[in-house]
Structure formats: C-alpha cells, structure tokens
Amino acid sequence: MKPFLTTNRLLPLRNSVASKMPKDGLSSGHLPSLPWQRAAWRSLVVGLVSLSLTGCLLGPDYQRPDLTLPAKYNAPGPSGTPAVSALGAVQTPVNAQWWTLFDDATLNQLVRAASQDNADIQIALARIRMAESLAVQAGAALYPTLNLTASGTRATSGPSVSVTGVGVQANTSQLGLVTSYELDVWGRVRRNVESATAVATASQYEKDSVSLTIAALVSNVYLRLRALDAQMAVLKDSVRTRIESVKVAEAKLQGGLVSPIDVNQGRAALAASQASLSEITRQRALAQNQLGVLTGKLGLTIAAGDVRQLPAPPLPPEGLPSTIVESRPDINRAEQDLIAANARIGVATAGLFPTFSLVGLFGAQSVAFSSFLTGQSSVWSAGIGLLQPIFSGGLLQGRLEYAKAQQQEVLGGYVKVVRNAFGEVSDALMSVQQTLQTEQYLLQQVEASTKAQALAVLRYEAGYVDFLSVLESQRVANEGNLAFVINRSARLQASVDLFKALGGGWVAKP
C-alpha cells in the first residue's frame, strides 16, 4: 500500500550532502502508455465490473420443497360436523391476539406483561439484533472499501552505514487514501448476503415463535390456576356438606340411633376432603408463582376466580385449509434456515473459481509541503488482481460437500417441523372435539349426583338409609364436580394448544 503524500527532509549530521530529488514527484503507478493498451485496459475493467453486477449466481436457486399433506383435518365444524380442508385453498386469516377470545381481563394483562418483560423474549430480541448486524457485515462486501493511511517517522543513520561516510537524519511523513473492491463475478458475495439475510429473517420468526410459546404457556398456566380455584370451591363445598353430615351422625349417636362407626366414617371422609383442599391450595400457589416468573412480576397475586365462568372459544370454521399452518413462525423460521443453507452452497461453489479485485489510489506526494497541492505532485495508481486456487488439499471441495450435507440436514428439519405442525393441529382439534363431548356427559353426571346426594341426606335424617349411602352419594357428587372442572380446564387448554398449533387463532368466514 503506497501513500498519496510523501514529504522527506534530509538533515546531515555533519558535512551536508545535497540529495537530488525529482521535480515532478514519484508516481506509484500509471496506465499503459499506448492508446490501444489504455483502451484494452479500460474495456477489461468495465467488463469485469459489469460482470460483477450482472454476473451469474453459482449454486442452486431456492425452491420450496413440495410436501404432500392430507387433504383435510378430522376436526369439528361449528355444527359439530367434521371440518374438511383442502390443500391449496385460500389461507384463512389468523387472529394474532387469540387469547382475547377467553374474554378475561386478567389473562389479557398477564399476556401483555409477559410480552414486555419475559426473559426469553428479551433474549430473542437480542438475537435478532445480532443476526441483523451479521447481515449488514455481509452486505458491506458489495461496496468498495476506502481507507485513510497516515504515518510519520524520524530516522538517523551513522557515518559507518553511509556510503559517503556522512551521517544522515531523515524525517518522513505519509498521508494517503486507498480503495479496493472485490468483483463479485460468480455471486459469492451475493449468495453470502442472501444467506445472512435469511438468517436475520429466521431470527425474527424465532422471536415470534418464542412470543407465541410464552403466550400459550401463560394462558395454560392461568387456565390451570382458574381450574384449581374451581376445584377449591368444589372441595370447600364438600367439606361443608361433610361437616353437616358429621353433625347429623353425632346427633343420632347421642340419641342412640346409630353406632360410633357412622361418626368415625364421617370424620374420615371430612379429613380426606380437607387434605385434598390443602393440596389444591398448594398447587394454586405454585401456578401463581409460575405466572409471576413468566410475566416478570415476582410476588404476583391473583384474586380467586372460576374456570367454569370463562367462555369457551369458538370452534374452527368448516373448510379450514391445512395450509393455515404456514402462519406458524417455527415453519417460517425453518424455511428461512433452509434458504440460508441453500445459499451457502453457492458461496462454497464460488470458492472454486478465481477471485478478481480492483485496487487504486489517487492523491499527491511531494518532498516539501510548499509544492504538495501543485499539479506536479499528483500521483495515482490502479490495478486489477486475480487469485485462482490451484491446490488446497481438498479444502475447497470439502467445504462444498459440507455445505451440501448441511442443506440436506436443514431440509430434513424443515420437513419434520411441517409434519409435526400438521400432527399438532390434528391432535389439538381432536382434543377440543372430545373434551366438548366429555363435558356434556359430565354435566349430566353432576346434575344427577347432586340430586342423589340431597336425597341421601334427607333419607338418612329420616332413618330410611344408613350413613354409608350418604358417604357414597357425597363421594360421587364430589368426584363428578371435580371431573367436570378438570375436563373444562382441559377443553380450554386444548383450545390454547390449537391456537398455538395454528400459529395463532383464526377468523371465521362471514
């Protein structure tokens, strides 16, 4: 790298010796002197630059893999009939804020807080910035570089190293601008930019995937907490009824109508209900703490509620296309990873071909500052370089084979993600359908067991049945109510799983 400006002052230590310096300065380079040579040189440079801008792109162009999926989901429509969806149909819009379908203000606040202060989301945002920075670095190779160089030295040499036997002191100052540019003839730089851009886009989809996962996790934990609230209400009611039954048994015992067995059985059943209530209380506290961690609000306190009061989200509309899973951020991220891996094959392929580069400088140099800006001090140079790999011991070919194998690995991951997505949607749809049907049966069980419990208590008080009938009716009623609450929670959580599997919610057709 040569300077544009050079000034030298030679100061003799003794017996000054004049140094002859050229008046027209030093030229660090020049074009060929003959006209045809200059024209040929310019044509070569222009041709290479044009080729770098419009040249070929080595490596395969990306094409989305053709995956065959079933033509329909075995899912219930709004009327309870299977909803058939065909591949290639117009994709149904997705409601990004699907959790609002539960119509619960507390849940909306929790999801909003998690989206703003969850640690996993903050990590994903940082990774987006990292990937975007790498994409900027890759794109910088599309432009020439321009650097400023400057230096100043002071050197002396003694008489013993001088031909004339006179010691010399020299001051040297240098200042210059140097530029260089790699001609992207084979598309190596453009493929590298394509890969880096795809990685940056994938990081954005990864963040969306994390956000979706966090929203689903917060929703499921919240629904479980509300289910625990409902179970606590059921158990408190069970404890109350068992206390009343024990009082009745104790009164009969005092009247000599029953044996102490009835009282002890009642007290045992009461203690069992109280123990279950204590365990459910513990589980609720753990769920509340988990929500505090997910939302970044440690020490979070949530008032009691009831999962039975939450509305069930609507069922997916009939004709829901299977292509709706394309809205899933994890599928989009996997596809961007595949695009990046495909582009890296082109980068490795271009490494087998010669590299062309342009270098140049323009400026001035002079012995004295007084003549620095004069026309006689101008200096410039321009050149073109070529680097062709001849022998690398299989290094370049190994890189190409590695890129191809990596592309196949990423392709397998993409296929796996798509198939898993379809399976998750099918599982969630089936869970929604079956829990809905189970809820109808459990509702009948709750109504019947509640009536049976009330009748058993009345008949026991009248002396028509023994205490075991009362205990059995209370057990069946308690189990029926708990089963209804648990299934209701499972139904709502299956809806959350369906929202997540679809990459969000859905918007029913008008």
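The values are calculated or read from the model by the stated rules, or taken from the named source; none is laboratory data. Only a predicted model underlies this, so the values are computations on that prediction, with no experimental measurement involved. Please note: Cβ atoms are built from the backbone with ideal geometry, for glycine as well, and neighbour counts cover all protein chains shown. Areas reflect the complete protein model, heavy atoms only, side chains present, ligands, DNA and RNA absent. Shrake-Rupley method; radii C 1.70, N 1.55, O 1.52, S 1.80 Å.
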Practice task
Determine the order of 447, 439 by accessible area, beginning with the largest, at a probe radius of 1.4 Å.
Solution key: 447, 439
Handout entry: Segment residue 179-residue 390, length gained on full extension (0.36 nm per residue, minus Cα span)
Key = 73.2 nm
Problem - Rounded to the nearest 10 Å², the accessible area of residue 228 at probe 1.4 Å - result: 10
Exercise for the section: May I ask you to give the percent of accessible area on the range 405-510 that is carbon plus sulfur, with a probe radius of 1.4 Å? Expected result: 56
Handout entry: Efficiency of FRET between residue 274 and residue 430 - r from beta-carbon atoms, R0 41 angstrom, step 0.05
Key = 0.65
Exercise for the section: List the chymotrypsin sites (Phe, Trp or Tyr not before Pro) within the range 445-475 that fall in a DSSP loop (any state other than H, G, I, E or B) and whose Cβ has at most 12 other Cβ atoms within 10 Å. Expected result: 464
Problem - Per residue accessible area in Å² of the range 208-365, where ligands, DNA and RNA are left out and the probe is 1.4 Å - result: 41
Problem - Accessible area of residue 130 in the full protein assembly, 1.4 Å probe (Å², nearest 10) - result: 120
Fill in the blank from the handout: Expressed in Å to one decimal, the Kirkwood Rh of the range 455-506 from all distinct alpha-carbon pairs is 13.7
Problem - residue 178 accessible area, 1.4 Å probe, all protein chains in place, Å² to nearest 10 - result: 20
Fill in the blank from the handout: For residue 490, the net charge from surrounding residues (Cβ-Cβ under 14 Å; K, R +1; D, E -1) works out to +2
Practice task
Filter the cross-link list 247/451; 451/500; 404/500 down to pairs whose alpha-carbon distance in this structure exceeds 28 Å.
Solution key: 451/500; 404/500
Handout entry: Mean projected area in nm² (Cα convex hull; one quarter of hull surface) for the range 380-504
Key = 17.4
Handout entry: Fully extended contour minus Cα-Cα distance, from residue 254 to residue 352, at 0.36 nm per residue
Key = 25.2 nm
Handout entry: Of every Cα-Cα pair in the range 263-325, the percent that sits beyond 14 Å
Key = 76
Completion exercise
Between the modelled labels at residue 409 and residue 281 (7 Å from Cα along Cα→Cβ) the distance in nm is 5.4
Handout entry: Taking all pairs of distinct alpha-carbon atoms in the range 169-211, Kirkwood radius in angstrom
Key = 14.6
Practice task
For the range 185-206 and the range 324-364, write down the distance between their C-alpha centroids in whole Å.
Solution key: 4
Handout entry: Stokes-Einstein D (µm²/s) once Rh is taken as the Kirkwood radius of the range 166-262 over alpha-carbon pairs, at 20 °C in 1.002 mPa s
Key = 93
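Could you sort 302, 243 by their accessible area in this structure, using a 1.4 Å probe and putting the largest first?
The ordering from most to least exposed comes out as 243, 302.
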Practice task
Considering only DSSP beta bridges where both residues belong to the range 324-481, give the percentage that are antiparallel (nearest 5).
Solution key: 100
Completion exercise
Of 297, 416, 252, ordered by accessible area with the largest first and a 1.4 Å probe, the sequence is 416, 297, 252
